[in-house]
Amino acid sequence: MLTRRNVLKAAGVCLPLPWLETLAAAEKQAKAPGRAVFFMVPSGVNMWRWHPKALGPDYKISSTLAALTPFRKELTIFSGLEHAKGAGGGHYEVGVWLTGNEKYKSKDGPVEPNTISIDQHIAGAIGSRTRIPSLVLSAPGGSVTTSFDAKGTPVNAENNLRRLFGELFGSPDVLSRLDRRSSVLDLVGEQAKGLSKQLGKNDRQRFDDYLQSVRDVESRLQADRGYFASKPLPISADNLKLDVDPQSQRQDYFQTMLDLVALALRNDQTRIVSILACGSGHEFFGQWPQFGNDTHHRASHATNYDTEAQRPKDFALLESVDKWFVAHLARFLERLNETKEGESTLLANTMVLFGGGMSWTHNPSNLPMLLAGGSRLGLKHGSHLRFNPHKDHMGKLDRSAKVQETTICDVLRTMSERLDVPADRFGDSRRSVKELLG
Amino acid sequence: MTRSIFAAAIVILTVGAPSRADDRADYDRAVKPLLVKHCVACHGAEKPKGGVRFDGPAPDLTDPKVAEKWLLARRMLAQGEMPPEGKPRPTADELLATMSWIEDAAARAAVVTRGGVGRRALRRLTNREYVATLHDLLGLSFPHATGDLGTRLPSDAIANTFSNDSNSQVTQALLLRRSLDLAEDLLAVALPAEGTVKPFRYDVDLRSVVAEKLRAFLAMPEANRKGQRGPGIGNVVIPAHAKGGDPAKLGVQGGPNSPLAVEHLDPVRGLMLGPNPILIGVNRNAVTLALPFVPEGGVLRVRVRAAAVMDHDDSAPVLRLSFGGPQGPGNVAYPVAQVTVTATETKEYVLEVPLVLAECDWKSFRREKRLLVQIDNAAAPLAPTATPEAYDSKKRETYLKRNRLLLESFCLELDASPTWPPKSEVVLLAPRDGEDDEARAKRALRAFLSRAFRRPVEDRELDAFVKLYRDQRAAGRGFVDAYKTAVAAALVSPQVLYLIEPRATERKPLTAWEVASRLSYLAWNTTPDAELLARGGDGSILTDAELTKQLDRLLADERAFGFTREFTRQWLDLDVIDHLAPPVTRPTRIIDDTSELAWYDKAIRRDLAAEPAHVLLDALRNDRPVNSLIAADHVVVNDRLAQYYGVALPKGTGWRRVAAPENRRGGLLTQAGCIAAATHAQERGEIKRGVYLVERFLGIDIPSPPGNVDIKPLDVQLAEDKSLRALTARQHLDKHRTIATCAVCHQRIDPLGFVWDEFDMYGQPKRDKQGKLVAFDSSGTLPDKATFANFSEFRKLMAQGELESRFAVAFSQRLYTYVLGRSLDHGDEVHLKTIRTAAAKYGGGVRALLLAMVLSEPFRNK
C-alpha cells in the first residue's frame, strides 16, 4: 500500500511531492522487475531454536524465527542445506557463502583468488539495466564481503551510510562533478569527430567504437544527472541517522541501512544487493552488555553439541543475537511488503536470502538459511524444506528422512534463474531446486 | 627439411590472399554441402530459427555483423552445439573443411578491414601502455609502489594473439569510463587540489628508542627478566615535527626471530627485523607507527635509513611498507611499497606512495581515524626451508636463519607546499611575470598537449582545450581545478588513447613523429621521451642511421624490460604460471614449515614468469645469436632461480648470466617456466606440451578439435578405461592417433609430446615417490618428419641453419607480429625474408633481427 505515510515512514523523513509522482509513474510499468537480496549473518546461531521441528507446510515456527510469522506464506525455511564437499568450514564461511568455492580459504586474507559470487554473476548479466548495477554492503566494509567479482577479488563493500546515501540520492557536489565530466566528454567527442575526417574509411569505422563509448558514458552521465537534478536531494539527510557507528549504535545502523536498501529497490536504482552483517568471528559488534559484555563468537564456540541445559548462558546469548537480526529481517520484509508495485508488492518481486554459514560449533552443515519473497518470480513458499542427510544435535549423521541432495549453489542458481540469468554451472550446482518452484 | 617447415609457414601466411572468385568457388565446394545437408532445414528461407539463415551465397565477412554470425557458427560447430542434439552429425572431414573456410575468410576479411595488405588498423594503446603513458605524461614515477594499476581497466587479454594486435582490440564504454577514473586519480596525485592536503612529518630514531628500552631492561634484576627475550616496545610517543599536530605512537611487534629479543637490538645501530613468515595478514615482525588521523591525499614519503645484515647465504632483506588498522577487519595489512635492501652499510631508502592509488581498506581506517604504517622485512626465502628442526609446531613459529633488515631511523612525511611535488612542473608550467591565468593555461596546455599527442598540437585542437578551461573558469572553478579538467580531457582524448596515423588511400611513409611513437611503444611500451620527440621534430628519425641509434638507446634503457616482458608474456603464455597451483593441503599462515615443492612460493612463480624476458633482454642488448634463445650454454637467473635450477651463482644482485647445468642448456626450451606453462599442471600433459611446441616454437597454428569427437584429457581417459593403464604413455598416444580424423593434427602434435619427458609439471627433473630420478625418453619426430633420439638432438634440429633455422623462422614471425602490432598477411612473407637476410648481414643476432624489422618497409609505412 503505497501511501504517502508509508513512504515517509520508510524514509523516515519528509519527501517533496514530485518524487512521489515519479514513484507513481514508475508503478504503471507493465511488469515490475525482479530483484534479489543476499543477507548474511555469520558466526553461527543457537541451533536448538532456529529450525522448526516439523517439515512441510504445517510446521510450527521456531522461537527464533517467530518474528517472521506474518510472512509465513512468503518464505521457505531450509534444513540440511550446505555447500558441496563441506566447503566454507569455520570462518571461511563468508567467502564461500555466495560462491560455493570449496578451495577458498580466507582467514587472514585470501590464499588464492575466489570465484565469482552469485550476486555479481547476476549483476554482470542484468546490472546494466539499473543506474547502479549492484549494491555491495557490509558493516565492516572494504574487503569483508560476500561479493566477489569475475576475477575472484572481493568487491569493495560500502559501510558508510552517508556515502551510501550519496550514491543513492546524490551529494551536494554531485552535479558539479557530473558537469565537469560532461564537458570532458563533449570535448573528446568533438576531437574524435574532427580526427575521424583525416582517417581512411576502415580506420574511421574502428574509431566509431570510441565515439560510441563516448556516447555511452555520456548517456550514463546524463541518466545520473537527470536523476540527481530532477530530485535534488529529495530526502533531506538531516533526518536520517547516517553517521551512526555500526558497533556502538548497531540498532540505528542496521535500521537505516535496510531502509536505504528498501528505498533503492523501490526506486529501481539497483536490483541486486548483498549485505554482510559482520566478518566471521571478527567480534565486529563487540560486546553485548545484557550478557555481561560477553561476545557472540566466544559463545558460538562454546556451545559445541551440548544441550541448552548444559550451557544456558551461551545458548541464550546466541538466541538473543539471532532474534535481533531476525527482527531486522522482519522489519525489512515488512517494508518491502507494504510497498505496492502495480498489482503486487515489492516483496513479491524481491527474493531475500537470509542466513549464515555455520551451524553447530562452526560446522558448515545444516546451515540456518531461509528464502523469502519473490512469489511473482515463480517461487512457491510456505514450507519448511529438508535436504541432504545431515548431522543432528548429537553430531551424528541423521539418515532418517529420505531427502534430495541439494547444495546452496543449487538455491543460488535457482534464484539467478528466476531473474532469467542462466547459472546452470554455477559453483557446484547440479540442479534447479524444483521444490521451490510453483 | 627447413623448406617444409617454411612451406607450413607459407600456408598460414597466404591466408590473406584476397581473391573473391576463388573464395566463392571454395565456399560452394567446402561449405555449401554441409550447410545444405545439416543447417538449411532449420535456418533456411522458411521461418528461419533464431532469424539466422544459411541458405545465401558466400558471405562477406568484412561486414562485422556477418563475421560475428559466421564465427559463432564456427564455434558452435566446433563444440558440437550445432546441429542440435538428435540430428545427424556432420563428418569430421565436412567439419574441418567448413571450419577452415570460415577461419580463412575471416582472416582475409581482417586484411581488407584494416585497409589492405601490409597495413595495420588504427591501434589503441594496450592497458599496460596506457598506464605507463599516464605516468610519464604526468611526471609520476613510483618504482617501489606495489599493485598493478592496469587491473583497474577492463582486461585486454586476447587469446592466441598479442594485445597490441590492432585488429582484435575492442573499445567499449567501460574502458573509457575506467580510463577517465584512472586519469583523474593520477592527476590528483600530480596536481593536488589547492589547500586540501594537510602536511605532516614524523621522525623516528630507532637507535635512541632501542638504547633506552635496552638499558631499562638490562637494569632489571636477572631474576625479573628470566624467560623474557627482550624488552617490549610499544606506545612510544613520537611528536609531530615542527608544524604541530598530534603525536603518533611507535610500536614493535614481535614474533619468530622477534625483534624484541635482545640479540636483535643494538643501541648503536638500531633494530633488526627477521623476515615475516606469513603469506598474508598481520606482519608479526614489524615496526609500526600509528598516525592519529588518516591523510586525505597527496604522496606519502617514507625515508628509511636501513641496511642488510647478510649473515646467511640467502636472499637479501626486503623493506616493505604496509598500511593497516589494528582494529581493522581481519587485521589485514595492505602492502603498498617495497624495495630490496642490499647495502651492508646504512643508507637512505625512499619509498613514495600516492595515497589515492593505494588499494586498502580506507573505509575502516577513516572510521577509526587512524592509519597504521608498518615497516617489515618481506624477504621470501630462496627456497622453501627444508629444516623442520627449526619449526616449533606448538608455537607455529619458525626460527629461521635468515638475513635481517637493520633499521636505524625513519622519517614519515607528507608535504603540501605549493611547489611540491616539483614534478608537477611537468604538467603545469610555473607562472611568468605579468602573465594572466588564461595565458598561463594556454602556454602550459600547448606544452602538455604536444607531449601527450606525441606531435605538435594544432592550434585548432589547442583552442578547444583552452575553451574548456575558460568555460570551467566561467562556471566558477579555480585556476588549477579548471586547468586539471582540460588535462583530464587530454588524457582520455583519442589523440592519447590511439596511435593515430592519418593517411589517404595510397600507402605512404610514416611521418617522423609517427615513427618516434611506433618505436617508443615498441621498445618501451610507453610514450616517447624528450629525446625521441626531438628526433621526431627535426625529422632525423626517418634516416636509417638515426633510427638505429635510437633503437639502441631505447634498448639500453631499463624501460626496454617492458617490451621483452610484454612480448614473452604473451608469446609463451606465461601469465598462466601464476595460476598453476595444484591443490595441496597446507597451512595457510606459515609457508616455511613445509618441505613442499618450491613451486608453491609465489616468488618462484613470479621469477619463472620473468625469466624469458630477462633472457631476451640480455640477448637483445648483447646481440646474441637468435638460436641462442633455445640453444645456450648459459642461463640468466637470479639467486632464487639459481637455487631452483641447482646452479651455483657467484655473489651479486639481480639477474646474472651463468653457465647452465647439463639439463638447462636449451635456453627457453629448458626454462621451468615455459615447461610449466606448456604442461598446464596436468599429470599427463604430453598433448598440451606438443601443441605448445608446435604453435609457439614452430609457428604452426593448430585448429581446435572438431566438436563431434569426444575429447577427454588423457588422465580422464585413463581413469575411465582401465585397459589403457596397461599401455605406456607413448602407446596410449599412439593409439589415439590411429583415429583418422585426429591424426590430421595429432601426427604433428603427439611426436613432440615427449620432448620434455625429463621434466615434471613444474619444469623440475621428474622423480618418483622416493625422490629418485626416473628414466625418460625424449625421442620424437618433428612435423616435417625429422627424427630425434633425445633432447639435445631435438635442440640441434630446431636451431640449425642460423637465421633460417626452424626456430628462427618461427620466432621472427612471432616477433614481427608484435613489432607491427597486427597479424601478418601474405605480403609480409617477402619482408620477413628480406629481414632475415638483412639481419644475417648485421651479424645474425637478436638485436640485428629487431633492427632489420624496425628498418623494414611495413614498420615505416602506413
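What follows is calculated from the coordinates using simple rules that are stated; it is not laboratory data. Note that the structure is a prediction, hence the values are computed from the model and not measured. Heads up, the Cβs are rebuilt from the backbone with ideal geometry, glycines too, and the neighbour counts pull from every protein chain shown.
What full-extension length gain, to one decimal in nm, is calculated for residue B:776 and residue B:545 as 0.36 nm per residue of separation minus the Cα-Cα distance? Spell out each step's value before the answer.
Values: separation 231, 0.36 × 231 = 83.16 nm, distance 5.12 nm.
Roughly 78.0 nm would be gained on extension.
For segment A:342-357, just list the computed ³J(HN,Hα) in residue order, Karplus coefficients 6.51, -1.76 and 1.60, θ = phi - 60°, integers in Hz, with x standing in for Gly and Pro.
x, 7, 10, 10, 4, 5, 5, 9, 10, 8, 10, 8, 10, x, x, x
Given H placed on each backbone N at 1.01 Å, which residues far from residue A:157 in sequence or on other chains put an amide H within less than 5 Å of it?
Long-range HN contacts for residue A:157: A:142, A:143, A:144.
Efficiency by 1/(1 + (r/R0)^6): what FRET value for residue A:434 and residue A:198, r their Cβ-Cβ distance, R0 = 60 Å, to the nearest 0.05?
Numbers: r = 61 Å, r/R0 = 1.02.
Rounded to the nearest 0.05, the efficiency is 0.50.
Using alpha-carbon positions, what is the distance between the centroids of segment A:117-163 and segment B:335-366, in Å?
So the separation of the two Cα centres works out to 28 Å.
Please compute the net charge surrounding residue A:436, taking Lys and Arg as +1 and Asp and Glu as -1 over other residues with Cβ under 10 Å from its Cβ. Could the numbers behind the result be given before it?
On the way: positive: A:380, A:418, A:434; negative: A:410, A:435.
Net local charge, residue A:436 excluded: +1.
Give me the net charge of residue A:146's neighbourhood, meaning all other residues with Cβ under 11 Å from the Cβ of residue A:146; Lys, Arg count +1, Asp, Glu -1.
Values: positive: none; negative: A:93, A:119.
Result for the local shell: -2.
Starting from 0.36 nm per residue, how many nanometres of slack lie between residue B:208 and residue B:830 once their C-alpha separation is accounted for? Walk me through the intermediate numbers first.
Working: separation 622, 0.36 × 622 = 223.92 nm, distance 7.22 nm.
Full extension of this stretch gives 216.7 nm more.
Non-local amide H neighbours of residue B:248 (under 5 Å, H modeled in plane, Pro and chain starts lacking H): which ones?
Those lying under 5 Å, H to H, from residue B:248 are B:238, B:240.
Taking 0.36 nm per residue of sequence separation and subtracting the Cα-Cα distance, how much length would be gained by fully extending the chain between residue A:404 and residue A:54, in nm to one decimal? Write out the running numbers ahead of the final one.
On the way: separation 350, 0.36 × 350 = 126.00 nm, distance 1.71 nm.
Extra length available between residue A:404 and residue A:54 comes to 124.3 nm.
Apply the Karplus parameterisation 6.51 cos²θ - 1.76 cosθ + 1.60, with θ equal to phi minus 60°, to every residue of segment B:246-251 and state each ³J(HN,Hα) to the nearest whole Hz, in sequence, with x for glycine and proline.
Going residue by residue, I get 6, x, 9, 10, 9, x Hz, with x marking Gly and Pro.
For segment B:19-113, compute the number of Lys pairs whose alpha carbons are separated by less than 20 Å, excluding pairs fewer than 8 positions apart on the same chain.
Lysine pairs satisfying the spacing and distance rule in segment B:19-113 number 13.
For the pair residue B:369 and residue B:65, how long in nm is the line joining their label points, each one 7 Å along Cα→Cβ?
It works out to 6.1 nm between the two label points.
Could you tell me which of rounded, prolate or oblate describes segment B:19-113, using a ≥ b ≥ c as the square roots of the eigenvalues of the alpha-carbon gyration tensor, with rounded for a/c under 1.5 and, failing that, prolate when a/b is larger than b/c and oblate otherwise? Working shown, then result.
On the way: a/c = 1.64, a/b = 1.42, b/c = 1.15.
Prolate shape, in that a/c is at least 1.5 and a/b is the bigger ratio.
Once both labels are modelled 7 Å past Cα along the beta-carbon direction, what's the residue B:241-residue B:25 spacing in nm?
8.1 nm
Take the cross-link list A:241/A:340; A:73/A:241; B:198/B:484; A:197/B:467; A:53/A:313 and give me the ones stretching past 28 Å between alpha-carbons.
Details: A:241/A:340 25 Å; A:73/A:241 33 Å; B:198/B:484 20 Å; A:197/B:467 22 Å; A:53/A:313 23 Å.
From A:241/A:340; A:73/A:241; B:198/B:484; A:197/B:467; A:53/A:313, over 28 Å: A:73/A:241.
Once the Cβ-Cβ distance between residue B:653 and residue B:787 is put in as r, and R0 is 51 Å, what FRET efficiency do you end up with, to the nearest 0.05?
Working: r = 44 Å, r/R0 = 0.87.
For R0 = 51 Å, the calculated efficiency reads 0.70.
Where Lys and Arg each count +1 and Asp and Glu each count -1, what net charge lies around residue A:84 among other residues with Cβ under 10 Å from its Cβ? Mind showing how you got there, number by number?
Details: positive: A:85, A:430; negative: A:82, A:102, A:405, A:410, A:428.
Around residue A:84, the surrounding residues sum to -3.
Between residue B:837 and residue B:726, what is the label-to-label distance in nm when each label sits 7 Å out along the Cα-to-Cβ direction?
5.9 nm
Under the rule of at least 5 residues apart or a separate chain, name every residue whose amide H is placed under 5 Å from the amide H of residue A:386.
A:79
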